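The values are calculated or read from the model by the stated rules, or taken from the named source; none is laboratory data. What you see is a predicted model, and the numbers here were worked out from it, not measured in a lab. As a convention, Cβ positions derive from the backbone with ideal geometry for all residues, glycine included, and neighbour counts pool all protein chains shown.
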Amino acid sequence: MPEDDSTADAQTRAANPPAPRGIFSVPAPIKRIFDKVPLITYPSNELPYRAANEVDGNRLFVFTDDEGARLGKPSFNPQCLRWQAYLKFVGIDFHTIPSNNHASPTGALPYLLPALPLNTLVPIPSNKLQKWAIEQVHCEEEQQISVRFEVYASLLDTRIRNAWLYALYLDKDNFDAVARKLYIDPSTSNSLVRSVLATQLQQAARDELLKTSDYIDVSDLEAEADNAFEALSTLLGDNRYFFDRRTPGLFDASVFAYTHLLLDKDMGWRHNRLSVLLRKYKNLVRHRDNLFEKFF
């Protein structure tokens with residue numbers, strides 16, 4: 001629009017919106033407009049001054065708005081919410097800071113600025129967050145506890161993620177009601193730039209889905225997501241948390257990142273077929289409700 005490196009990379013792809021194409025991939029009439037504007041290459045982004053100097057404690061930079069950050073509400077981005085939830089689950093205190101990929105020194109969200117060492121300006125990217133959390137509170141690394149972790153994580157990486165991409169970016173009504181409101185409108189007031197961003201995001205989602213299929217079949221995407229929900233429901237069973245853990249962990253956070261946003265009425269979905277499919281699995285709904293009530 002974010003263990004070991006291979007797992008982290010897979011999880012990043014699973015939750016983040018696909019990276020948009022460059023500016024010169026847009027239609028020729030729009031390109032000609034930008035050709036008339038001098039382009040300047042700026043150095044890498046520095047950390048936001050306010051975030052680096054005016055907030056004490058650990059700071060997690062995520063997709064959210066000012067009210068959401070102030071109240072500690074769940075991020076509206078699955079990758080950000082995954083790590084926001086995980087840090088809460090393992091008992092690490094932090095403040096959420098509104099941000100976006102362009103403002104991130106790592107080029108993507110989320111990232112964390114730790115409270116210690118004092119005055120550090122070295123961000124921790126999402127693929128290092130679990131390792132950092134383990135060092136802070138000596139929690140478990142789930143990937144080593146259960147050999148099934150990566151097998152079931154692939155359901156999120158592919159089937160649920162693909163259905164999410166279509167629902168958010170390629171369903172026109174959802175795109176206008178949800179994606180524009182959350183990702184495009186806050187980034188700029190320029191209507192032309194908004195149009196370019198919309199084109200980029202939708203084309204990037206389309207390209208991502210066409211990597212594994214010659215055409216996009218909505219019914220097939222929904223059926224695959226339904227199969228994934230069923231498998232996750234079977235895995236959870238009557239347990240409170242996945243893999244029969246006593247406390248929620250990274251996999252619980254990964255599932256919650258999708259189930260919460262699909263069930264959250266505040267997202268403003270116009271068409272939410274995935275929510276209908278998800279609600280068939282009562283234990284997944286309970287899992288989401290319990291985590292939301294306890295941690296948010």
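Tell me, yes or no, whether region 102-110 has at least one residue that is of a type in the set (Ser, Thr, Tyr), under 29 Å from residue 263 (Cα atoms) and in contact with a strand residue (DSSP E or B) (Cβ under 7 Å, 6 or more places away or on another chain). Yes - at least one qualifying residue is present in region 102-110. For region 111-125, give me each residue that is in a strand (DSSP E or B) and farther than 13 Å from residue 80 by Cα. 113, 124 - these are the residues of region 111-125 that are in a strand (DSSP E or B) and farther than 13 Å from residue 80 by Cα. For the condition outside any helix (DSSP H, G or I) and either farther than 27 Å from residue 157 by Cβ or in contact with a Phe, Trp or Tyr (Cβ under 9 Å, 6 or more places away or on another chain) (or both), residue 88 does not qualify.
Can you tell me which residue in region 233-284 is surrounded by the most Cβ atoms within 10 Å (Cβ to Cβ), limited to those that are basic (Lys, Arg) and out of contact with any Leu (no Cβ under 9 Å at 6 or more places or on another chain)? Looking at the filtered set, the residue picked out is 273.
Could you look through region 126-145, keep only residues that are in a loop (DSSP other than H, G, I, E, B) and closer than 18 Å to residue 242 by Cβ, and pick out the one that is modelled with the highest pLDDT? Ranking the qualifying residues of region 126-145, first place goes to 139.
Applying the set (1) in a helix (DSSP H, G or I); (2) assigned by TED's automatic domain parsing to the domain that holds residue 276; (3) surrounded by 15 or more Cβ atoms within 10 Å (Cβ to Cβ) to residue 207 leaves exactly one unmet item: (3).
In region 242-276, of all residues being at positive phi and part of a helix (DSSP H, G or I), the one that is nearest to the chain's Cα centre (by Cα) corresponds to 243. Scanning region 277-296 for residues that are farther than 18 Å from residue 72 by Cα and assigned to a loop (DSSP other than H, G, I, E, B) gives 279, 280, 281. For the subset of region 147-182 comprising residues that are among the hydroxyl-bearing types (Ser, Thr, Tyr) and surrounded by 17 or more Cβ atoms within 10 Å (Cβ to Cβ), which member is nearest to residue 268 (Cα to Cα)? Among those that are among the hydroxyl-bearing types (Ser, Thr, Tyr) and surrounded by 17 or more Cβ atoms within 10 Å (Cβ to Cβ), it is 169.
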